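The values are calculated or read from the model by the stated rules, or taken from the named source; none is laboratory data. The structure presented is a predicted model; accordingly, all values stated were derived computationally and were not measured. We place every Cβ from the backbone using ideal geometry, glycine too, and count neighbours over all the protein chains shown. Calculation scope for accessible area: heavy atoms of the full protein, side chains included, ligands and nucleic acids excluded. Shrake-Rupley method; radii C 1.70, N 1.55, O 1.52, S 1.80 Å.
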Amino acid sequence: LIVGTDSHLHKLHYKFITVVCLYRVGKGGMFYRAISHAPREQFKGNQKGRMYYEAGISIETANWLVETTGYSPEIHLDVSPKHKGNFTSAFSDQLKGY
């Protein structure tokens with residue numbers, strides 16, 4: 001059971017797509033998605049805040065799954081490892097701790 005969220009700028013708002021993937025070894029898998037939106041201005045000049053927002057959506061979804069099903073999902077974060085030197089590398093450890 002895996003949960004992850006990614007975002008994309010679409011005209012005047014950011015589109016956040018959250019996916020829940022249920023993978024059954026040897027039996028395939030299924031996925032479910034939910035889409036939410038936030039105004040572009042909410043994250044203007046604050047990409048780090050948007051990454052935390054993505055992680056927060058995934059955490060809320062994972063908590064709901066635990067409460068509803070009793071299963072604890074893995075949360076996938078859209079960040080680069082610290083050694084890569086990308087924008088998200090600078091705070092990937094913070095997001096993992098979050």
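Free of any trypsin sites (Lys or Arg not before Pro) that DSSP assigns to a loop and that have at most 13 other C-beta atoms within 10 Å, the longest stretch within the chain is 45-98. Taking H13, H76 and ordering them by how much accessible surface each has at a 1.4 Å probe, largest first, produces H76, H13. Protein heavy-atom accessible surface, 1.4 Å probe, per residue over the chain: 69 Å².
Each residue of the stretch 23-37 was assigned a 3J(HN,Hα) from its phi angle through the Karplus curve 6.51 cos²θ - 1.76 cosθ + 1.60 (θ = phi - 60°); the sequence is 10, 10, 3, x, 10, x, x, 9, 9, 10, 9, 9, 10, 10, 10 Hz, with glycine and proline shown as x. When Rg and Dmax are taken over the Cα atoms of the stretch 8-65, they come to 14.0, 45 Å. Counted by Cβ distance under 14 Å from S58, the other residues give a net charge of -2, where Lys and Arg count +1 and Asp and Glu count -1.
Counting lysine pairs in the chain that sit 8 or more residues apart in sequence, or on different chains, and whose Cα atoms lie under 18 Å apart gives 8. If I compute solvent accessible area with a 1.4 Å probe over the protein chains, what percent of it on the chain is carbon and sulfur? Carbon and sulfur atoms account for 54 percent of the accessible area of the chain. The Cβ shell under 12 Å around L77 holds other residues with a net charge of -4, Lys and Arg each +1, Asp and Glu each -1.
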